[in-house]
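What follows is calculated from the coordinates using simple rules that are stated; it is not laboratory data. Quick caveat: nothing in here was measured; it's all calculated off a predicted structure. Note: ideal-geometry Cβ built from the backbone for every residue, glycine included; neighbour counts use all protein chains shown.
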Amino acid sequence: MLKTAQSNDASASKRPRVSDPLVVASVEKAFKVLSVFGKGQDKLTLSQIAEISGFDLSSAQRFTHTLVKLGYLQKEQETRRFSLTLKNLDLASNFLSGHRLINLAMPYLMHLSKETEETVNLTLLDGEEIVFVSRFLSRHMLNTDVVIGTRMPAYCTAPGIAILSRLDEKVAEACMMASRPRAITEHTTWRLPDLMEKIRISKKQGFATQFEEFYHGDASIAAPVMDSKGYPLAAVNVAVSLSRYNRDDIVSRFAPLVVAAAHAISKA
């Protein structure tokens, strides 16, 4: 099962890539070893790491040994399995604490959280995905497993559509096609003509919505955060459960608040 699930990753690692004389290959390979963990693979043997990364056993052994010495991997003596250490969180912490937009947005997100009493998020676009970089949870339970650092395809999320709606349409289209849109739930908008229409509507109204397009029972409304030149930097969204609101209520109640918060962060 492991081989089947990770075969694409292993094949990708063996494909020839354009050489860059400034790239330090050993650093690139070390990060590839770290990247094989996660998504249900929290503890791996040396042979599994080699298989997933596409490295031979000798190379995998050298990189895992180095990463253990540096404190980014740990090895269980009994099982001889490797796993990530807490030191990996230092990189995330440094990113979050040093990111100017996240720090500027914090008071506005806190205010929106108190005003709505619902879950509030700040997301950034990374390629064809959105990444959650700030999150204020509601006391109301949501049927999601989202945490800081969670990635989702932009095309089926309100924050993603909000950001894409402020990009050039050709750029937005290329971004969506790169993620190979598909129906994640029966409610997912995934065909390109429908996605482009959704983007145009979102641009016109100033916010985007999604209803059960990624998680069943989940709804979200988002507005883009813009820089001084009108380029989308991020998105603010409020996420709620459809067991507590209907679609019209979500738009009428939260759209003005989300748009106001996004505008305030943009001006800041």
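Bridging of Lys204 to lysines at a Cα separation below 21 Å is possible for Lys170, Lys229, Lys267, once same-chain residues fewer than 8 apart are set aside.
The calculated P(r) of the stretch 62-160, using every Cα pair and 5 Å bins from 0, goes 2, 11, 15, 17, 16, 13, 10, 8, 5, 2, 0 in percent. For the stretch 20-87, applying the loop criterion from DSSP together with a ceiling of 12 other beta carbons within 10 Å to the trypsin sites (Lys or Arg not before Pro) yields Lys39, Arg80. Within the straight-line cut-off of under 18 Å between alpha carbons, the lysines reachable from Lys43 are Lys3, Lys32, Lys69, Lys75, Lys87, sequence neighbours fewer than 8 places apart in one chain being disregarded.
Computed 3J(HN,Hα) for the stretch 126-142, one whole-Hz value per residue from the Karplus formula 6.51 cos²θ - 1.76 cosθ + 1.60 where θ = phi - 60°, is 10, x, 9, 10, 9, 10, 7, 10, 8, 8, 10, 7, 8, 6, 8, 6, 10, glycine and proline marked x. Taking the C-alpha atoms only, the angle from helix 192-205 to the longest principal axis of the chain is near 50 degrees. Are there trypsin sites (Lys or Arg not before Pro) in the stretch 91-171 that DSSP marks as loop and that have at most 11 other Cβ atoms within 10 Å, and which are they? Answer by residue number: Arg139. Kirkwood hydrodynamic radius computed over the chain comes to 20.4 Å, based on all pairs of distinct alpha carbons.
Where does the charge balance sit around Phe136 when Lys and Arg score +1, Asp and Glu -1, over other residues with C-beta under 12 Å from its C-beta?
Local net charge: 0.
Seen against the Cα atoms of the chain and their longest principal axis, helix 25-35 is set at about 60 degrees. Annotation: the residues Ile102, Ile161, sorted from fewest to most other C-beta atoms within 10 Å of their own C-beta, follow the order Ile102, Ile161.
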